[in-house]
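The values are calculated or read from the model by the stated rules, or taken from the named source; none is laboratory data. Owing to the predicted nature of the structure, the values given are computational and were not obtained by experimental measurement. We place every Cβ from the backbone using ideal geometry, glycine too, and count neighbours over all the protein chains shown.
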Amino acid sequence: MPERQPDERRDGPRGVRIAPSILSADFARLGEDIDRVSPEADVLHVDVMDGHFVPNLTIGPPVVGWIRRHTDLYLDCHLMMDNPREYLEAFKKAGADGCTVHVEIGGTEALIARMRELGLDVGLALNPETPLESCLPYLDQVDLLLVMSVHPGFGGQSFMAEVLPKIERARRLADEGGLGFELEVDGGIDTSTAPVVVRAGARLLVAGSAIFGREDPVAAAGALRRAGEAAISQGKGAE
């Protein structure tokens with residue numbers, strides 16, 4: 001496998017970044033769908049579900065390996081699993097750049113340590129009902145905090161506005177503490193909710209059906225980015 005070069009969109013200044021979720025892609029033409037959205041994708045969000053932690057079953061390391069051979073996009077594997085430690089090495093070998101595990105399963109310190117050992121970027125996710133307090137001990141150890149704005153397991157759900165105070169608090173903690181984690185939101189993100197979560201402090205937006213469910217996915221991803229960026233501009237104008 002050829003060595004990949006750093007992605008300027010990943011490493012450059014952080015405005016609003018878009019992470020299309022392949023959960024909503026057409027798996028019969030997955031490569032084509034990834035190619036179509038790549039011009040507007042900063043990250044490719046790969047939802048991995050085990051049928052236990054969430055009531056759905058999706059893909060594993062072999063598919064991640066195929067995706068890696070097909071694209072140089074940053075692969076963020078969201079592991080909705082109750083035993084992710086058993087698979088971290090397999091995802092790393094398959095080509096994952098980062099893995100995101102759920103704080104609800106416990107053993108977070110050991111999972112973080114293992115991901116660091118493997119050279120994976122570290123993500124920590126929490127479900128809509130989970131208080132931010134559960135993540136506080138780890139915020140200085142992670143690269144990414146993922147706030148779920150739907151119940152994980154299925155695409156196409158409606159955004160849960162009750163998570164907004166959690167996003168706002170996470171942003172305050174990051175800014176006041178000089179913490180380097182990226183704040184990501186996943187669930188019900190479209191052109192109407194993107195400005196809301198960006199104003200709350202999120203900068204990495206996961207969207208599935210709002211991108212792959214549209215006739216022109218790359219245009220849909222661009223519209224999401226512009227909606228988020230407009231919220232930032234409006235906020236600066238109000239200062």
Residue, surrounded by the fewest Cβ atoms within 10 Å (Cβ to Cβ), within the stretch 150-166, restricted to residues that are touching a helix residue (DSSP H, G or I) at 6+ places or on another chain (Cβ under 6 Å) and at pLDDT below 95 = Gly156
message = Looking at the stretch 8-34 only, could you name the residues that are more than 18 Å from His78 (Cα to Cα), basic (Lys, Arg) and at pLDDT 90 or above?
response = Arg29
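Please specify each residue of the stretch 173-193 satisfying the condition of being touching a strand residue (DSSP E or B) at 6+ places or on another chain (Cβ under 6 Å) and part of a loop (DSSP other than H, G, I, E, B).
We begin by selecting, within the stretch 173-193, every residue touching a strand residue (DSSP E or B) at 6+ places or on another chain (Cβ under 6 Å); these are 181-187, 189.
Selection gives Phe181, Gly187, Ile189.
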remark   = Taking the stretch 93-111 and keeping only residues that are within 17 Å of the chain's Cα centre (by Cα) and farther than 18 Å from Asp50 by Cβ, one is left with Gly95, Asp97, Gly98
message = Condition first: surrounded by fewer than 22 Cβ atoms within 10 Å (Cβ to Cβ) and over 24 Å from Gly180 (Cβ atoms). Can you find one or more residues in the stretch 113-128 that meet it?
response = yes
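Among the residues of the stretch 82-96, is any touching a His at 6+ places or on another chain (Cβ under 7 Å) and without any contact (Cβ under 8 Å) to a residue 40 or more places away in the chain? Walk me through it before giving the result.
At the first step, the residues of the stretch 82-96 found to be touching a His at 6+ places or on another chain (Cβ under 7 Å) are 82.
With without any contact (Cβ under 8 Å) to a residue 40 or more places away in the chain added as a condition, the list becomes 82.
Within the stretch 82-96, one or more residues are touching a His at 6+ places or on another chain (Cβ under 7 Å) and without any contact (Cβ under 8 Å) to a residue 40 or more places away in the chain.
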query = Is there a residue in the stretch 104-115 that is out of contact with any Cys (no Cβ under 8 Å at 6 or more places or on another chain), of a type outside the set (Ser, Thr, Tyr) and within 26 Å of Asp35 (Cβ to Cβ)?
reply = no
remark   = Of the residues in the stretch 66-78, those that are within 17 Å of Gly51 (Cβ to Cβ) and in contact with a helix residue (DSSP H, G or I) (Cβ under 7 Å, 6 or more places away or on another chain) come to Cys77
ask   = In this structure, does Val101 turn out to be farther than 18 Å from Ala200 by Cβ, part of a strand (DSSP E or B) and either modelled with pLDDT under 95 or β-branched (Val, Ile, Thr) (or both)?
value = yes
query = Glu184: among the charged types (D, E, K, R), at pLDDT 95 or above and touching a His at 6+ places or on another chain (Cβ under 9 Å), yes or no?
reply = yes
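At negative phi, acidic (Asp, Glu), modelled with pLDDT of 95 or more and assigned to a loop (DSSP other than H, G, I, E, B) - does that describe any residue in the stretch 130-138? Spell out how you get there, then give the answer.
Initially, the stretch 130-138 is screened for residues at negative phi, giving 130-138.
Keeping just the survivors that are acidic (Asp, Glu) gives 133.
With the extra rule that they be modelled with pLDDT of 95 or more, the set shrinks to 133.
Retained after the next criterion (residues that are assigned to a loop (DSSP other than H, G, I, E, B)): none.
No, because not a single residue in the stretch 130-138 is at negative phi, acidic (Asp, Glu), modelled with pLDDT of 95 or more and assigned to a loop (DSSP other than H, G, I, E, B).
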key: Sole residue being farther than 22 Å from Ile105 by Cα and under 12 Å from the mean Cα position of the chain (by Cα), chosen from Leu144, Leu204   = Leu204
